[in-house]
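Worksheet: the structure to be examined is printed underneath.
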Amino acid sequence: DQQVKQNSPSLSVQEGRISILNCDYTNSMFDYFLWYKKYPAEGPTFLISISSIKDKNEDGRFTVFLNKSAKHLSLHIVPSQPGDSAVYFCAASEGGAQKLVFGQGTRLTINP
Amino acid sequence: DVKVTQSSRYLVKRTGEKVFLECVQDMDHENMFWYRQDPGLGLRLIYFSYDVKMKEKGDIPEGYSVSREKKERFSLILESASTNQTSMYLCASSLGWDPEQFFGPGTRLTVL
């Protein structure tokens, strides 16, 4: 059973516009969420996170929104740049557990 | 900066061979993880370890074993490699109860 789902395998956005990546989860015990970015032939790198006590966290061009009632989070990138082209994974953890549960990933392509 | 290194970037093995994938981290992290990444399936946890000589099964442990004899090193073993174990293998580490994991560059394993 996929507890964390990214239903869009790919997304294409024009440079300078906003990119919105979505993630849904089913486990209401998840209390911390992370986004990772992965380039080909490299390991994922941490991008931004949010605790369940917040509904928004911002870091430069990146903002994560959390809607607990809908069990949904989204990553907004604005403005989008060519270097943002990568695969983005959302991940969730439950109550201090060391494990993360990852979604399937969304491949973001930024077109010039 | 945390550094997680993996012994090989690319590996080609024959069906039935015993395969060792090594991972080393240099930041004294307690937790270490092995994932495999396959298209459309995201990152799936194979095994993790929260202390030396401790190990826990992840979501897909079948066909794999692990070893953690020293805090900084976590090895993934494929006892008898099969073609369905062709994948990208990613090692990660994290500190205590901090959910953020740091990833190595990955090993692309091909089993012929």
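Working from Cα pairs under 8 Å separated by at least six residues, relative contact order for chain B is 36 percent. Charged neighbours of A:PHE30, selected by a Cβ distance under 13 Å, balance to +1 (K, R count +1; D, E count -1).
Treating only the Cβ of Lys, Arg, Asp and Glu as charged (+1, +1, -1, -1), what charge dipole size does the range A:58-112 show about its Cα centre? Round to the nearest 20 debye.
Details: 5 positive and 4 negative charges, 36 e Å.
For this selection, approximately 180 debye.
Using only side-chain charges placed at the Cβ, +1 for Lys and Arg and -1 for Asp and Glu, the dipole size of the range A:23-103 relative to its Cα centre rounds to 60 debye.
Where does the charge balance sit around B:TYR64 when Lys and Arg score +1, Asp and Glu -1, over other residues with C-beta under 10 Å from its C-beta?
On the way: positive: B:ARG36, B:LYS57; negative: B:GLU62, B:GLU79.
Net charge around B:TYR64: 0.
For B:SER8, the residues 5 or more places off, or on other chains, whose built amide H falls under 5 Å of its own are B:GLU22.
Using alpha-carbon pairs under 8 Å, 6+ residues apart, how would you state the relative contact order of chain A in percent?
Numbers: 274 pairs, mean separation 41.8, N = 112.
This gives 37 percent for chain A.
Computed from label points 7 Å out along Cα-Cβ, the spacing between A:SER8 and B:ILE77 is 4.5 nm.
In straight-distance terms, cross-link reach from A:LYS38 covers every one of the aspartates and glutamates whose alpha-carbon lies under 12 Å from its own, apart from those fewer than eight places away in the same chain; here that gives A:ASP84. Residues with beta-carbon under 9 Å from that of A:ALA41, excluding A:ALA41: net charge, scoring Lys, Arg +1 and Asp, Glu -1? So the surrounding residues net to +1.
The alpha-carbon of B:LYS70 sits under 18 angstrom from the alpha-carbons of these aspartates and glutamates, leaving out residues fewer than 8 places away in its chain: B:GLU22, B:ASP26, B:ASP28, B:GLU30, B:ASP51, B:GLU56.
Remark: C-alpha extents of the range B:44-98 on the principal axes read 35, 21, 16 Å, sorted largest to smallest.
Gyration tensor analysis over the Cα atoms of the protein assembly as shown returns equivalent ellipsoid semi-axes of 29, 20, 16 Å (largest first, whole Å). When the alpha-carbon atoms of chain B are used, the pair Rg, Dmax equals 13.1, 39 angstrom.
Among the listed pairs B:LYS18/B:LYS57; B:LYS18/B:LYS55; A:LYS99/B:LYS13; A:LYS37/A:LYS71; A:LYS5/B:LYS55; A:LYS5/B:LYS57, give every one whose C-alpha distance is greater than 25 Å. Numbers along the way, then the final one.
Working: B:LYS18/B:LYS57 20 Å; B:LYS18/B:LYS55 20 Å; A:LYS99/B:LYS13 30 Å; A:LYS37/A:LYS71 21 Å; A:LYS5/B:LYS55 27 Å; A:LYS5/B:LYS57 22 Å.
Pairs exceeding the cut-off: A:LYS99/B:LYS13; A:LYS5/B:LYS55.
The numbers here are math on the coordinates, done by the rules we state, and not lab data. Fair warning: this is a prediction, and the values are worked out from it, not measured in the lab. Positions of Cβ are generated from backbone atoms using ideal geometry, with glycine treated the same way; all protein chains shown enter the neighbour counts.
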